[in-house]
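Undergrad: This is the structure, below, for whatever I ask next.
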Amino acid sequence: MAPTKILAVGDVNGKFYQLQKKLNQIVKKSGPFDMLLCVGEFFGEDDDLNRKLMDGQIDFPVHTYILGPCCPSTSAYYPDENAEITSDITYLGKRGILNSPSGLTIAYMSGLEGKEGL
C-alpha cells in the first residue's frame, strides 16, 4: 500500500483563489495528494466569496477537510455538525476522529472548541 500523501495549511482567511492556485502548482509538481487539511481559519470576511465557495463555484484539486471556526465572526459559515460543504470540501465538526480510506486515523479538536478545551 502506498503511503498517504497529505497537504496541511493554516489560515486561509477566505483567500480561496490564492489557495487554489498554490494547490494546482503543488499538485502539478509533487501530486497527487490524498487530502488537504485546513487547520486554521478557512472562511474570510467577504460574504460573496464565501458563498461562491459554498455554492461550488470554487473548487480545489485535492479533497479538502476543514476545521474551525477559529473566530466568532466566521462561525455562521460552519454547520453545527460535520458535513459536506461541497463535493470536495468537508467540515469535520468540532471534534472527533477522521478515518481516511487509506487507513490513516486523525484525532482533532476544532477552532473555538479547541480554545475552550485548553
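Undergrad: Scan around S110 for amide H atoms under 5 Å from its own, H built in the peptide plane at 1.01 Å from N, and keep only partners 5 or more places away or cross-chain.
TA: Sorted by chain and number, the residues that satisfy this are R95.
Undergrad: In deg cm²/dmol, rounded to 500, what helix-only [θ] at 222 nm does the chain give when every DSSP H run of at least 4 residues adds -39500 (n - 2.57) and the total is split over its residues?
TA: Working: 3 runs with 29 residues, N = 118.
One gets -7000 deg cm²/dmol as the mean residue ellipticity at 222 nm.
Undergrad: Anyone know which of N99, N50, N13 comes out most mobile in the 10 Å Cα GNM of the chain?
TA: Fluctuation is largest for N99.
Undergrad: Among G14, G31, G93, whose mean-square fluctuation peaks in a Gaussian network model of the chain (Cα, cutoff 10 Å)?
TA: The residue with the greatest mean-square fluctuation here is G31.
Undergrad: At 4 °C and 1.567 mPa s, grab the translational diffusion coefficient of the chain from Stokes-Einstein with a Kirkwood Rh over Cα pairs, rounded to a whole number in µm² per second.
TA: Working: Rh = 14.6 Å.
In µm²/s, the coefficient is 89.
Undergrad: Out of the total accessible area of the chain (probe 1.4 Å, heavy atoms of protein only), what percent is carbon and sulfur? Working shown, then result.
TA: Details: 3550 of 7010 Å².
Ligands and nucleic acids excluded, carbon and sulfur give 51 percent.
Undergrad: Over the chain, with a Gaussian network built from C-alpha contacts below 10 Å, which listed residue (F16, F33, F43) shows the highest mean-square fluctuation?
TA: Most flexible of the set in this elastic network: F33.
Undergrad: Rounded to the nearest 5, what is the percent of antiparallel bridges among the DSSP beta bridges in the chain? Let's see the in-between values first.
TA: Working: 8 of 18 bridges.
In the chain, DSSP labels about 45 percent of beta bridges as antiparallel.
Undergrad: What does segment 12-73 give for Rg and for Dmax, in Å, if only its C-alpha atoms count?
TA: 11.9, 36
Undergrad: Across 10 Å bins from the origin, how do the percents of Cα pairs in segment 47-96 run, short distances first?
TA: It works out to 26, 58, 16, 0, in whole percents.
The values are calculated or read from the model by the stated rules, or taken from the named source; none is laboratory data. Computed from a predicted structure; not experimentally measured. All accessible areas refer to the heavy atoms of the entire protein, side chains included, with ligands and DNA or RNA removed. Shrake-Rupley method; radii C 1.70, N 1.55, O 1.52, S 1.80 Å.
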